[in-house]
Protein chains: 2
Amino acid sequence: MTESRKLFSPSDYDELVDKYDTWLFDCDGVLWRGTTLIDGALEVLQLLRSRKKSIIFVTNNATLSRASYKKKFDKLGVEAHVDEIFGSAYAAAVYLSSVVKLPKDKKVFVIGMAGLEEELRDEGISFVGGTDPADNTLEPFPATPYKLDPAVGAVLCGLDLAVNYTKLSKAFIHLNTDPSCLFLVTNEDSTYPAQGGLLLPGAGAISAPLRYALDRDPISTGKPAQTMLDCIKAKHNFDTERTIMVGDRLNTDILFGKQGGLSTLLVLTGITQESDLRSNAPPVAIPDFVTNSIGDLKQIKSQGS
Amino acid sequence: MTESRKLFSPSDYDELVDKYDTWLFDCDGVLWRGTTLIDGALEVLQLLRSRKKSIIFVTNNATLSRASYKKKFDKLGVEAHVDEIFGSAYAAAVYLSSVVKLPKDKKVFVIGMAGLEEELRDEGISFVGGTDPADNTLEPFPATPYKLDPAVGAVLCGLDLAVNYTKLSKAFIHLNTDPSCLFLVTNEDSTYPAQGGLLLPGAGAISAPLRYALDRDPISTGKPAQTMLDCIKAKHNFDTERTIMVGDRLNTDILFGKQGGLSTLLVLTGITQESDLRSNAPPVAIPDFVTNSIGDLKQIKSQGS
């Protein structure tokens, strides 16, 4: 078992930055926590840009479209461009349009929020469910006999704070009635950190009733699934050998990087604690490098300094 | 592997009835389907009563209290007494009051419907959540910072047609924050047959988000869990050797009977088809006897005939 290398000194960080041209960043727990920037994150991103590094933001957050996610960067004063942002909602939409090539007369039944719908719309995918008021109800299902829509060719499930029995039932009926109906999830995160760091059930928990009732596993388009990396590769050219994934979760970020043949840097400002790496159970993925915080990279030299 | 015995002739049925004094019946798929009685079920129950057999109804339906479930029998013209009816909601309430002996100053957080609340109330168990209008909302959670109620000592989850993110989040926070908080489910049925036989996600699917987010298995009080049998035994005396469980599901009814040391009779009017017994994968439980329908027992002699 390879050990992770813990980084400390300015020369450690300089060496690291010299080694990689493309930097993939998870956001929550790495660059910010909730609405608070991690100390030094802003300067480090600017330093990397000054050193002509490519920066890509890779998030499993499927409640926001890239355009809305960009607004979060703007608010925090972090430079970011929409084409640098890859969210699992976008990856799901691209997967449906470019990999599955969902026929134009087919629709997706959505359990998810406006951001997911926005990405589907942008990729020209028709959908039902989602934020449709008719499906956002706590009335017992079915109020009237449910007529299966034969145009539904896929069910896509992301984090949905308005999840309810009607949406779950409709999704279930489609998948249970038609074995050729695709079952996609934006990501399988068991939890996510809400405002103030409060841990709440994540997108994986939202799709769990369907997995359980159907005894069927979905295709995921979020980290650690390589679908997300394929989606990034379709839009950006990079040399995997000179690319590093920076994240705070072993079972998503670090596993994602490892499986994609990238180098990996774990930061300890989010979910994973240093003690998790030393626990008796072997970790799900071992990062190449570990540092306390992305802010530690402030010690590198800027271009020309 | 023991084979099931398929029953055909009047003497088969007479022999069966002679052998067992106590008859445990699953209801949906055995005595009725939705709101339609299975042909002959009424007569067979009357015949068994005329032969002085004890009859007990054992259902995983946790949306109705025993009192409400009795009304269903009344409507269908089937003789039944409340103390003959064991539902998984009742089993959960008895488990909390008699096995766990939940302290009087502790409460249960409920994901479930009025019938479950009724059984808890009858057993003197305090609860929050459930049908409380404050928790039956599709507003994003938390609307205001959630204050953990330290009096909650257990989370109990049954089928809830008004399940939503607020209830799931509160249940999750209690279980995630306090490892001593009990995690109970009324049953783990993946699906249930709604009106017209439409299959919809069952109670097991409702608790699946919690299992997934917590990576923790709950205690179940419904079939096949033996908690249900313990609950029946606490109220009725019977000789397990002269007791038979009649049901339509291998993974609940038949497994429940087998694990409890009862004999088992599978009927083919519900979920399990005869072909399921002959499939390549070994069935989860092999019934001692199989018959097409409970109505087949009409062929037995009534007392004195």
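The values are calculated or read from the model by the stated rules, or taken from the named source; none is laboratory data. Keep in mind that what you see is a predicted model, and the values were worked out from it rather than measured. As a convention, Cβ positions derive from the backbone with ideal geometry for all residues, glycine included, and neighbour counts pool all protein chains shown.
Computed quantities for the displayed model
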| item | result |
| --- | --- |
| Members of the range A:117-136 found to be part of a loop (DSSP other than H, G, I, E, B) and either touching an Asp or Glu at 6+ places or on another chain (Cβ under 6 Å) or surrounded by fewer than 17 Cβ atoms within 10 Å (Cβ to Cβ) (or both), listed by number | A:Glu123, A:Gly124, A:Gly130, A:Thr131, A:Asp132, A:Asn136 |
| Residue match in the range B:52-60 (condition: out of contact with any Phe, Trp or Tyr (no Cβ under 6 Å at 6 or more places or on another chain), at pLDDT below 95 and not assigned by TED's automatic domain parsing to the domain that holds B:Gly158) | no |
| Residue list for the range A:172-192, restricted to those being more than 12 Å from every other protein chain (Cβ to nearest Cβ), in contact with a helix residue (DSSP H, G or I) (Cβ under 9 Å, 6 or more places away or on another chain) and of a type in the set (S, T, N, Q) | A:Thr186, A:Asn187 |
| Filter result (more than 17 Å from B:Pro193 (Cβ to Cβ), touching a helix residue (DSSP H, G or I) at 6+ places or on another chain (Cβ under 9 Å) and either more than 8 Å from chain B (Cβ to nearest Cβ) or surrounded by fewer than 16 Cβ atoms within 10 Å (Cβ to Cβ) (or both)) within the range A:138-147 | A:Glu139, A:Ala143 |
| Residue under evaluation B:Pro224, criteria (1) within 14 Å of another protein chain (Cβ to nearest Cβ); (2) crowded, with 22+ Cβ neighbours inside 10 Å, criterion not met | (1) |
| Lone unmet requirement of (1) modelled with pLDDT of 95 or more; (2) out of contact with any Lys or Arg (no Cβ under 8 Å at 6 or more places or on another chain); (3) of a type in the set (Val, Ile, Thr) for A:Val152 | (2) |
| Which numbered condition A:Val110 fails, given (1) assigned to a helix (DSSP H, G or I); (2) closer than 20 Å to A:Met228 by Cβ | (1) |
| Residues located in the range B:1-31, provided they are modelled with pLDDT under 95 and under 18 Å from the mean Cα position of the chain (by Cα) | B:Asp28, B:Gly29 |
| Tally of residues being surrounded by 16 or more Cβ atoms within 10 Å (Cβ to Cβ) and in contact with a helix residue (DSSP H, G or I) (Cβ under 8 Å, 6 or more places away or on another chain) across the range B:77-93 | 11 |
| Tally, over the range A:14-42, of residues that are surrounded by fewer than 15 Cβ atoms within 10 Å (Cβ to Cβ) and part of a helix (DSSP H, G or I) | 4 |
| Among residues of the range B:228-282, those that are over 11 Å from B:Leu24 (Cβ atoms), in contact (Cβ under 8 Å) with a residue 24 or more places away in the chain and in a loop (DSSP other than H, G, I, E, B), counted | 9 |
| Verdict on B:Leu255 being within 27 Å of B:Thr36 (Cα to Cα), away from chain A (no Cβ under 13 Å) and either of a type in the set (Asp, Glu) or surrounded by fewer than 24 Cβ atoms within 10 Å (Cβ to Cβ) (or both) | yes |
| Total residues in the range A:94-116, condition within 20 Å of A:Val82 (Cα to Cα) and surrounded by fewer than 22 Cβ atoms within 10 Å (Cβ to Cβ) | 3 |
| Residues satisfying the stated conditions in the range A:226-257, i.e. over 24 Å from A:Ile294 (Cβ atoms) and among the aliphatic types (A, V, I, L, M) | A:Ala234 |
| Answer from B:Glu241, B:Glu188 - the residue that is touching a Ser or Thr at 6+ places or on another chain (Cβ under 6 Å) and either at pLDDT 95 or above or surrounded by fewer than 16 Cβ atoms within 10 Å (Cβ to Cβ) (or both) | B:Glu188 |
| Residue count for the range A:9-46, restricted to those that are in contact (Cβ under 8 Å) with a residue 12 or more places away in the chain and either more than 18 Å from A:Asn292 (Cα to Cα) or outside the structural domain of A:Glu274 (by TED's automatic domain parsing) (or both) | 7 |
| Residue list for the range A:148-171, filter: within 11 Å of chain B (Cβ to nearest Cβ), under 24 Å from the mean Cα position of the chain (by Cα) and not in a loop (DSSP other than H, G, I, E, B) | A:Lys167, A:Leu168, A:Ala171 |
| The range A:193-215 - residue that is farther than 15 Å from A:Asn164 by Cβ and not in a helix (DSSP H, G or I) and, of those, farthest from the other protein chains (Cβ to nearest Cβ) | A:Pro193 |
